[in-house]
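The values are calculated or read from the model by the stated rules, or taken from the named source; none is laboratory data. Being a predicted model, the structure only gives us computed values, none of them experimental. Don't worry about glycine lacking a Cβ; one is built from the backbone with ideal geometry, like all the others, and counts go over all protein chains shown. SASA here: full protein model, heavy atoms, side chains in, ligands and nucleic acids out. Shrake-Rupley method; radii C 1.70, N 1.55, O 1.52, S 1.80 Å.
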Amino acid sequence: MPRSDVSDRLATEMVRTVKVLRAAAATLPRLHEAVDPLSHPVLFALAPGPMRVSDLAAAVHNDLSTVSRQASMLVHHGLVTKINDPADGRAQLLELSPEGVDLVQQARRSRAEVFSQLVQDWDDADIRRFTDYLDAFADSVQRRHLVHPVGEPQ
């Protein structure tokens, strides 16, 4: 098969996969009644530790106003707290509250269970290979199209 045919099939399957994953995600129950799943990347990005909202926006590859609005909603619901930046007393950092940490852990467990069910008929070697290929693909996308490194997406 010529490389252009392989690339066309890859593009077609990637678009189909993204659409199917989005549709499937829409059927999953919310992990927190007040949290829009679109805010999950913000929670996951804060899991390693506190950061400024500008750094958070870069980490989740979204504009500052959107991330600021999402962060304010998460603060309002007690999942994120604001703390003073020790390096600059005028600035604030965002960090997960204990409830936010619990929600991220719950989301990780729930996500792992969903994916475990999706590949339940696969053997472990195929799952490892698929995971390695996904990792390599994400690295390629990041190197070619993204300025900031990606922490953990939704």
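Some notes on this structure:
- Carbon plus sulfur fraction of accessible area for the chain, probe 1.4 Å, in percent: 56
- Per-residue [θ]222 nm for the chain (sum of -39500 (n - 2.57) over DSSP H runs n ≥ 4, rounded to 500): -20500 deg cm²/dmol
- Listed values (i) 16.6; (ii) 17.6; (iii) 15.4, entry calculated as Kirkwood radius over Cα pairs in Å: (ii)
- Between the beta carbons of D135 and E99, assuming R0 = 35 Å, the FRET efficiency works out to 0.70 to the nearest 0.05.
- Relative contact order computed over the chain (Cα-Cα under 8 Å; 6+ residues apart), in percent: 25
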